[in-house]
Amino acid sequence: MDVGGDSVQKGSQSFKFDIPVYIEQTASVVGEKESEGPLGRMFDVVIKDPMSGKDNWEQAESALQEAVVDKLLMKTSYKKEQIRYILSGDLLGQLIATSFGISKYEIPHFGIYGACSTFGEALSLGALIISAGAADRLICMASSHFASAEKQFRFPLEYGNQRPKASTWTVTGSGAAVITNERQPAAITGITTGKIIDYGVKDSMNMGACMAPAAADLIVANFKDFETDEKYYDRIITGDLGTVGREILINLVKEKGYDISQIHMDCGIEIFDPQKQGTHAGGSGCGCSAVVFSSYIIDNVRDGKWKRILFIPTGALLSTVSYNEGQSVPGIAHGVIVEHV
């Protein structure tokens, strides 16, 4: 199905790039637990020390971002001066993993926050910047760290609390991509920007239930805006709904008349083996979709195994303040259409 035409707004939430924005190179850095999962051999760098030789967990997460930029520059042979912008974010307050992690590069920086959807937001905004002619090359990046996330959002590790079966395990990792206006085998051809969707869920240990409605809303909006359906894609890939969120998503989308069950994947399900690694519903965090995209997903698109995918990082928009005040956990999702060229 051809959704042709010039670079224009599509429907109420989407944009189609007549001249694609290309994904030139990616890099992924993960912790030891992630390297022991089903995708372990696909990641570029494994950091076995969870502290990365630093004094605290926040600095350890910053080290992940520094390592992934170093790896990306090495793989592309670019100097930092050749990168116009970095668009990046993390889960920590005021994006401190990012600000301390990439300050040494002195590259113009847009700090962004979309919770675990941050990598999708970075790719979306980065593609718009490239398409507008405001840059010829930039980096999109996101990170998370199991221990820094637990410290900020849940309980200190020393507390040893029991994790419910619906909970997900925050990925320790950082993924990054160089996107450009120069032709490459994989391209961003369209985006659908998500809305904040709140079904009133208050269980912060069940992120899948919090985020699934936003993912469902995004998918249906994408279909309507591009006047297509699930048959248009080889894969629809969410960020970190996990097994609980996946079931909710498929049911919600089916209520709208679409069946994505045969083509849906979730990065949080792919990255861990729950039976062997004790991760319950799967993986989560900004780094989850970022590292899976920057390794497993992009390789399948570059090789042509998947001709067209809809990549949808998902995020739960809570803070320690909102949670402690008894607020619900709204969700958001950002969709990026990636095609083999």
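The values are calculated or read from the model by the stated rules, or taken from the named source; none is laboratory data. Remember, predicted model here, so these are calculated numbers, not experimental data. When we count neighbours, we look across all protein chains shown, and the Cβ atoms used for this are built from the backbone with ideal geometry, even at glycine.
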For segment 211-225, how many residues meet the condition of being within 16 Å of Gly11 (Cβ to Cβ) and surrounded by 20 or more Cβ atoms within 10 Å (Cβ to Cβ)?
7
Glu58 being assigned to a helix (DSSP H, G or I), within 17 Å of Glu270 (Cα to Cα) and in contact (Cβ under 8 Å) with a residue 24 or more places away in the chain
no
What are the pairs, 6+ residues apart or on separate chains, where a residue within segment 293-317 that is farther than 21 Å from Phe226 by Cβ has its Cβ under 6 Å from a residue that is surrounded by 19 or more Cβ atoms within 10 Å (Cβ to Cβ) and of a type in the set (Ser, Thr, Tyr)?
Ser294/Thr26; Ser294/Ser28; Ser295/Ser28; Ile298/Thr26; Gly315/Ser117
Going by the structure shown, is Ile269 of a type in the set (A, V, I, L, M), farther than 13 Å from Ala166 by Cβ and modelled with pLDDT of 95 or more?
yes
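For segment 87-128, which positions are β-branched (Val, Ile, Thr) and more than 27 Å from Met211 (Cα to Cα)?
Here is the first cut: in segment 87-128, the ones β-branched (Val, Ile, Thr) are 96, 98, 102, 107, 112, 118.
Scanning segment 87-128 gives Ile102, Ile107.
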Sort through Ile107, Ile47, Ile19 and tell me the only one that's in contact with a Gly (Cβ under 9 Å, 6 or more places away or on another chain) and β-branched (Val, Ile, Thr).
Ile47
Per the filter on segment 300-329, residues within 23 Å of Glu34 (Cβ to Cβ) and in a helix (DSSP H, G or I) are Asn300, Val301, Arg302
For segment 90-113, what are the residues that are under 18 Å from the mean Cα position of the chain (by Cα), surrounded by fewer than 24 Cβ atoms within 10 Å (Cβ to Cβ) and not in a helix (DSSP H, G or I)?
Phe110, Gly111, Ile112, Tyr113
Just checking, how many residues over segment 272-299 are of a type outside the set (Phe, Trp, Tyr), assigned to a helix (DSSP H, G or I) and under 17 Å from the mean Cα position of the chain (by Cα)?
12
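Quick test for you: out of Ile237, Ile260, pick the one residue that is in contact (Cβ under 8 Å) with a residue 40 or more places away in the chain, part of a loop (DSSP other than H, G, I, E, B), in the same structural domain as Ser289 (by TED's automatic domain parsing) and touching a strand residue (DSSP E or B) at 6+ places or on another chain (Cβ under 9 Å).
Values: Ile237 fails: part of a loop (DSSP other than H, G, I, E, B).
Exactly one residue qualifies, and that residue is Ile260.
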Would you say Met51 is within 24 Å of Gln184 (Cβ to Cβ) and more than 22 Å from the chain's Cα centre (by Cα)?
no
